[in-house]
Amino acid sequence: MRAFATLAALIAIFAIHAAAAQTDPNPSLITQGAYIAAAGDCTACHTAPGGALYAGGLGIASPIGTIYAANITPDKSTGIGNWSYDDFARLMRTGVTKSGYTVYPAMPFTSYSRVSDQDLHALYAYIMLGVPAVNNQVKRPDIPWPLSIRWPMTVWRWMFAPAPGPFQPEPGQDAQTARGAYLVQTLGHCGSCHTPREITLQEDALNDVNHPSFLAGGGHIDGWMPVDLRGDDTTGLGRWSVTDIATFLKTGATDKTAAFGGMADVVHDSTQYLTNADLTDIALYLKSLPASSNAKYAYDNTETTALNSGDSSKPGAAIYLANCDVCHSASGEGYAKAFPALAGNPVVAGQDPTSLINIVLDGARRPQTTTAPSSLVMPTLAWKLNDQQIADVLTFIRSSWGNNAPSVSPNQVARLRKHYKPIPNTALSP
Amino acid sequence: MPDIIRKHADAVIIGSGWTGMIMAKELTEAGLKVVVLERGPARDTYPDGAYPKTMDELAFIQRSKLFQDMSKDTVTIRHGLNDVAVPYRQIGAFKPPTGLGGAGLHWSGQHWRVLPEELQLRSHYEQRYGKKFIPADMTIADWGVTYDELEPHYTFAEQVFGTSGHAYRVNNQIVGNGDGNVFEANRSAPFPLPAMKNTYSAMIYWKACQENGLHPFSQPSANASLPYTNPYGCQMGPCTFCGFCSGYACFNYSKASPNVNILPALRLSPNFELRTDSTVTKINLDGTGKRATGVTYIDAQGQTNTQPADLVIAGTFAYNNAHLLLVSGIGTPYDPQTGQGVVGKNLVYQTMSTIQAFFEPGKFSNPFIGAGGNSVTVDDYNGDNFDHGPLGFVGGGPVWCNQAGTKPIGGIPVPAGTPGWGSAWKKAVADSYVNTVSFDIEGSNMAYRQCYLSLDPTYKNWLGQPLLRFTFDWQDNDIKMSRYITGKMTDVAKSMNPKSTKVLVKNFGDHFDTRPYQTTHLAGGTIMGTNPRQSVVNKYLQSWDVSNLFLLGASVFAQGLGYNPTGTVAALAYWSAKAIREQYLKNPGALVQA
């Protein structure tokens, strides 16, 4: 439903855009702004499932309570229709609203602070002229007093937010990598999920200069563990080519992997709309980030040989054969473009098995994109496998075909099972 | 008066099976606003085909999960003109589908092209064997379209379906090692995927056929042999030979279906709208009766809707196109007494027989391995690939070892003479289960003056409309054909040196029995042809009577094929779509002058 609503909304954008173009002196600025909005993934928070484009209302869980994303349509009473460009730029660069309070850092203004003036002007033009105004009063945050007091956010901003300033390429960085860095660090706000946060919620780092934790994998978000985007061979993108990364962001999958969870939404709502040139630049930049560890992955066919010869004596192997083998194969290598490999997959290799456990419990759905429209599904297995079986089969997967990740315990599965939420049948909406 | 009048559409398509989805894709690409109406529920690989719940014989086959609810709507059946028809209340001989994807979701995946001479069957037989060779009551006809006209559409359909196979002749050059089907017509392209692997049974069969001078080949299958991305960008996974194809939704995205191979791309089109649980009751006509204005349908809330449209496409399951025309008063109903009229004419089916070879324990044919489209086949007795002159019958059929997954409730083959229950039966099951090689002759069924469709005078469906009535029975010509080929193939079975063989074949005088499953390949009723006196639609599948109405599916087949119909159904849909896009839309009106 969400996927389709967004698609419909995007179609609406272009329809409205066509109408706006008749009055606006600079329609190309609006088109450019629509692209910036896609690159910034404004939809991720500001379009509620089934709701109007950018009309807000999506509840975002935070450690102190639920925050509701703002209506950023040009509606004058409930949206930002009365905001001047300066009001808009101040919010985007400093997190301070027109009425003067500081927004919660769920809004990645610390990343957006370095978006170029040119891009921000385009984004403003698009929102004001290309997006239909929708009257939608968004709920106030469900945050109890005294945590609901806003002034500490100002202090937070003083302490942790960077001084607004233009994005600066690193010395010696070529133009393409610099463009990639710009997209990743500012509009893409990839670090919001993929960089660990301190207890005070600020990201460890907002760029990679002397910051080995930048994009080194974030904490849990909605039951998913954002992976390491640095050059680590086992847990990161070390064995991904530039083409692999660009293809993943464009289509939602590569020959070896597929997007799931929160990243499926990012691909669906944002990255699939980026140009191949920008996606290549993003990939070049990510490939420039050095590994955090020296661990190397090497495929090992011990389990493949055993499974193919009917030997399922290794704990978890029989469960694998009965439940996983049909798609992911005895070799653990899956099938190109259809079913992801488990052998050498960074998601499998991560220290924290949260994503893996949730995929087995809830199932997973690949995003539908214009270049890869099939939204392939892994079905939920929560009804079929108990905590011990899931722990066993994941431990098997994490220790086979050269994978070398810590085992999974039934208690870890039990904790996540409490939040069981099977994937919806979204493809059924017409 | 309708409860709701819907916004006008450029085209309304009745049915969401292969033909409806192919046409919807083609017409949305041409820029038309298309509404597809499907009488059944929405369905998709997830959750309907989710692993492992889709591998449930009781739910899917015995309890008809993907089939039509026969308590709401069905057909009545009688054998002869003087019999009283009664409703087909329990699914047996054939399995009418319902729901998104139609029969395209629960088919097996056997993906054939037609043999060229079958499209000109009457002229071909008259020319080769003389006019008198064709029995007087046999109403076979030419289709009005040629293989060469359809060839590019067969090729494209194979690319959309991700069909696996060995080509024999591409652009008039024999390809590979010549191990394709020597009887196959020329192709403009090889199959998009290599042939599937053969099961052990099929290998035994291959060898026996070869030793008997026949020409075995790996049959074209729309079960993907490798991962595949089709021209629409839709993704398939490789078939795992799980054995749950016919009657099931494939869990692995391996069996081509409208749901897997077209819908993901179609959903991206802003020109496409799908409404499920919407049962079309009538094609509406204007005052002249020569132009369709749209359709009337009943939605899930029981409300009557009118959907106005410039173009009406009926892509219902096989015989239901004839029902729609009869209840809408379009065309002249066929009269078997006079031979006049066309709607309902040439109801055809197929003539199956089966040969089972039982071996001593230790053979390990392992019938739990299987795929619906996977077979080794011989075409030596299909079409007119053999001399019918001395044999005195019209027709033929492919013979295949199609190991599609033997399941417990459907029944495990046991040797002739085995009791139906008790310890002797158990022992026979235990001995036979993994030691049987079985093959089938999917014989053609010709068209006859006395086999037709009409409205039942007594029985009505849940909406109060008369049920469609079959008047159908086996005819000597087809029994003769079936017994001849079965005899030849029994010799092949015996040459495998089995412990025993069992032959299941119809005999002269046998009547159509609706209980045991045969095939779902019913056809005819709104046949295509060269003139409006003898056919319902022209060579472009356009109604002779109502030029903005097109009828798709096996209902347009002039007579039965030995092959499974889907490949030809799909090629005809693309062929019709091309005519609409390139000719009709530029100049709406009759594409063939009567």
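We did not get these values from a lab; they are worked out from the coordinates using the rules stated. Keep in mind that this is a model prediction, so the values were computed, not measured. Virtual Cβ from ideal backbone geometry, glycine too; neighbours counted across all protein chains shown.
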Legend entry - Net charge contributed by nearby residues that have their C-beta within less than 10 Å of B:LEU115 (K/R +1, D/E -1): -4
Inset, instruction - Classify segment B:243-296 as rounded, prolate or oblate, taking a ≥ b ≥ c as the square roots of the eigenvalues of its Cα gyration tensor: rounded when a/c is under 1.5, otherwise prolate if a/b is larger than b/c and oblate if not. - result: prolate
Legend entry - Paramagnetic reach from B:VAL84 (point 7 Å along Cα→Cβ, amide N under 19 Å) across segment B:442-479: B:454-461, B:466-472
Inset, instruction - Mind putting a number on the dipole of segment B:4-584 about its Cα centre? Charges go on the C-beta only, +1 for Lys and Arg and -1 for Asp and Glu, and I need it in Debye to the nearest 20. - result: 820
Legend entry - Label point distance in nm, B:ALA189-A:THR66, each placed 7 Å from Cα along Cα→Cβ: 5.0
Legend entry - Helix-derived mean residue ellipticity, 222 nm - over the protein assembly as shown, DSSP H n ≥ 4, -39500 (n - 2.57), to 500: -8000 deg cm²/dmol
Inset, instruction - Would you list the membrane-span-like helices of chain A, meaning whole DSSP H runs whose alpha-carbon atoms span at least 30 Å along their axis and whose mean Kyte-Doolittle value is at least 1.6? - result: none
Legend entry - Simple spin-label estimate for A:LYS76 and A:LEU147 in nanometres, 7 Å along Cα-Cβ: 3.8
Legend entry - Selection from A:MET378, A:TYR420, A:CYS327 lying farthest towards where the dipole of segment A:302-428 points positive, charges on Cβ: A:TYR420
Legend entry - Qualifying chymotrypsin sites (Phe, Trp or Tyr not before Pro) in segment B:328-394, DSSP loop, other Cβ atoms within 10 Å at most 16: B:PHE364, B:PHE368, B:PHE386
Legend entry - Zone of B:LYS197's modelled label, taken as backbone nitrogen in segment B:224-245 under 14 Å from a point 7 Å along Cα→Cβ: B:225-227, B:238-243
Legend entry - Counting all C-alpha pairs of segment A:158-286, share separated by more than 19 Å (%): 48
Inset, instruction - Mind pulling the per residue volume of the convex hull built on the Cα atoms of the protein assembly as shown? Å³ is fine. - result: 193
Inset, instruction - With r as the distance between the Cβ atoms of A:HIS220 and A:GLN137 and R0 = 22 Å, compute the FRET efficiency 1/(1 + (r/R0)^6) and round to 0.05. - result: 0.10
Inset, instruction - Answer rounded, prolate or oblate for segment A:302-428, using the Cα gyration tensor with square roots of eigenvalues a ≥ b ≥ c: rounded when a/c is under 1.5, else prolate when a/b is larger than b/c, else oblate. - result: oblate
Legend entry - Value in Å of the Kirkwood radius, where segment A:198-270 supplies the Cα pairs that are averaged: 13.4
Inset, instruction - Apply 1/(1 + (r/R0)^6) to the Cβ-Cβ distance of B:MET55 and B:ARG515, taking R0 = 41 Å, and write down the FRET efficiency to the nearest 0.05. - result: 0.95
Legend entry - Rg in Å to one decimal, and Dmax rounded to a whole Å, for segment B:1-66 via C-alpha atoms: 16.2, 47
Inset, instruction - Would you calculate the separation in nanometres between label points at B:SER500 and B:ARG63, each defined as 7 Å from the Cα along the Cα-to-beta-carbon direction? - result: 3.6
Inset, instruction - With unit charges on the beta carbon (Lys/Arg positive, Asp/Glu negative), name the residue among B:LEU572, A:GLN368, B:ALA318 whose Cα is farthest towards the positive pole of the charge dipole of the protein assembly as shown. - result: B:ALA318
Legend entry - DSSP loop trypsin sites (Lys or Arg not before Pro) with at most 16 other Cβ within 10 Å excluded, longest remaining stretch of chain A: A:151-238
Legend entry - Three-way shape label, segment B:370-510, alpha-carbon gyration tensor, a/c 1.5: oblate
Legend entry - D (Stokes-Einstein, µm²/s), Kirkwood Cα radius, segment B:397-448, 1.002 mPa s at 20 °C: 165
Inset, instruction - Only Cα pairs under 8 Å and at least 6 apart count here; give the relative contact order of segment B:326-478 as a rounded whole percent. - result: 32
Inset, instruction - Starting from the Cα of A:LYS421, draw a straight line to each of the lysines and keep only those under 19 Å, dropping any in the same chain fewer than 8 residues away. - result: A:LYS384, B:LYS53
Legend entry - Beta bridges by DSSP in the protein assembly as shown, antiparallel share as percent, to the nearest 5: 70
Legend entry - Within 10 Å of each Cβ in A:365-377, the average number of Cβ atoms from other chains: 5
Legend entry - Magnitude of the charge dipole, the protein assembly as shown, Cβ model with Lys/Arg +1 and Asp/Glu -1, debye to 20: 1560
Inset, instruction - From the P(r) of chain A, can you give the percent of Cα pairs sitting at distances over 36 Å? - result: 27
Legend entry - Base-10 log of normalised Debye intensity for chain B (one unit scatterer per alpha-carbon) at q = 0.05, 0.08, 0.09 Å⁻¹: -0.19, -0.51, -0.65
Legend entry - Kirkwood-Stokes translational diffusion coefficient of segment B:111-253, alpha-carbon pairs, 20 °C, 1.002 mPa s, µm²/s: 123
Inset, instruction - Provide a whole-number value for the mean count of partner chain Cβ atoms within 10 Å of the Cβ atoms in peptide B:259-265. - result: 3
Legend entry - Three principal axis lengths of segment B:1-159 [C-alpha, angstrom, descending]: 55, 46, 46
